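Asks: There's a structure below that I have some questions on.
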Amino acid sequence: MLRLGQADFTCGRSRYLDILEEALEPTAKIFVKIAFEDSEASSWAQIDTGAAWSVLDPLIAKRLGYLDLDGEPTELDTRLGRKVGVLVRIPFRFLADDGENYTTEGTFFISSDWPSGRTFLGYSGLLDGMRFALDPQVNHFYFGP
Amino acid sequence: MGQPLRKAEPETRSYRERIRELVEADRVEGARRLLAEALERGDHGEDLSGWQRVLAKGKPIRVGGGELDFDRTPEVTWIREKSDPYKGQWVALLGDELLAHSASLDEVMSVLEANKPPRRPMVHYID
């Protein structure tokens, strides 16, 4: 999909959103399309390279049975204050519009105290294990192993 | 006059405790180094497999598989223009068609399972 010299750099690309709901998010962000392994639906997740950890919407976690996974109980400072939760490993898929989908496993923080509708993809244990690139002229997100 | 050097106290806390403390301070690389030290020593009698899992880097599983996604502009337009009455609810959209909505994600997913749409819908919470 995206090549660096003679080698493949990424395997797929998708169109990302920079503003989802204007009133709530006045500044541009990067929302990419993902799907969890056991779900037939897609959802948007915000890329946040400045965040140490990824955060999974607790209702999606509950729906998919991820609250029962073995994990490490942890208390983290988040943009919404200090939250008690658990760190777990979860497989999910970056959905491609072109090229190929990419399934990876990452570490997510799940807290029942986290508001619905917000899933973040942070650096440690997730983005630190993959290649990604942006073409902000056309809102393309490139990804791959 | 200089302070007398204090002899370093031996570490009495468990590796699990020290790793958690580093993680909770967002010092992920420090936590990984301490975990590596613990695994190399191996004489502490602690089960650190949970920390080994969650402190690992993102792991590639598979390239390919599953249907490709497609242009979601109609879904986004729907959210921007028509989502106001659905605040506090989950919506399932395919193009500009609202397939299901409810305050309960389980209910929305049940509707999708009962009436499987032709392509993968987008599920979104209206804040």
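The values are calculated or read from the model by the stated rules, or taken from the named source; none is laboratory data. Only a predicted model underlies this, so the values are computations on that prediction, with no experimental measurement involved. Counting neighbours? That spans all protein chains shown, and the Cβs are built from the backbone with ideal geometry, glycine included.
Asks: Collect the residues in the range A:124-145 that are among the aliphatic types (A, V, I, L, M) and under 15 Å from A:F31 (Cβ atoms), keeping them in residue-number order.
Replies: Once the filter is applied, which keeps residues that are among the aliphatic types (A, V, I, L, M) and under 15 Å from A:F31 (Cβ atoms), the range A:124-145 yields A:L127, A:L134.
Asks: Tell me the strands (runs of 3 or more DSSP E) entirely within the range A:63-122 that contain at least 3 residues that are over 23 Å from B:K57 (Cβ atoms).
Replies: Working: elements: A:72-78, A:81-94, A:102-110.
It comes to A:81-94.
Asks: Next question. Identify all residues within the range A:116-145 that are closer than 25 Å to B:L55 by Cα and of a type outside the set (A, V, I, L, M, F, W, C); write none if there are none.
Replies: Those that are closer than 25 Å to B:L55 by Cα and of a type outside the set (A, V, I, L, M, F, W, C): A:R118, A:T119, A:G122, A:Y123, A:S124, A:G125, A:D128, A:G129, A:R131, A:Y142, A:G144, A:P145.
Asks: Report yes if B:G50 is under 29 Å from A:G71 (Cβ atoms), assigned to a loop (DSSP other than H, G, I, E, B) and of a type in the set (G, A, S), otherwise no.
Replies: Spelling it out, it is not the case that B:G50 is under 29 Å from A:G71 (Cβ atoms), assigned to a loop (DSSP other than H, G, I, E, B) and of a type in the set (G, A, S).
Asks: Something else: If you go through the range A:10-38, how many residues are part of a strand (DSSP E or B) and either more than 9 Å from chain B (Cβ to nearest Cβ) or at pLDDT below 95 (or both)?
Replies: 7
Asks: For the range B:46-71, how many residues are farther than 19 Å from A:G144 by Cβ, over 21 Å from the mean Cα position of the chain (by Cα) and within 7 Å of another protein chain (Cβ to nearest Cβ)?
Replies: Counting residues in the range B:46-71 that are farther than 19 Å from A:G144 by Cβ, over 21 Å from the mean Cα position of the chain (by Cα) and within 7 Å of another protein chain (Cβ to nearest Cβ) gives 2.
Asks: Yes or no: A:L126 crowded, with 18+ Cβ neighbours inside 10 Å, within 7 Å of chain B (Cβ to nearest Cβ), at pLDDT 95 or above and farther than 22 Å from A:R3 by Cβ?
Replies: yes
Asks: For the range A:48-59, state whether one or more residues are facing another protein chain (nearest Cβ under 10 Å), aliphatic (A, V, I, L, M) and over 13 Å from the mean Cα position of the chain (by Cα).
Replies: yes
Asks: Moving to a separate point now. Could you please tell me which pairs satisfy a Cβ distance under 8 Å, a separation of 6+ or placement on different chains, a first residue in the range B:109-127 that is at positive phi, and a second residue that is hydrophobic (A, V, I, L, M, F, W, C)?
Replies: Short answer, once both residue conditions are applied: none.
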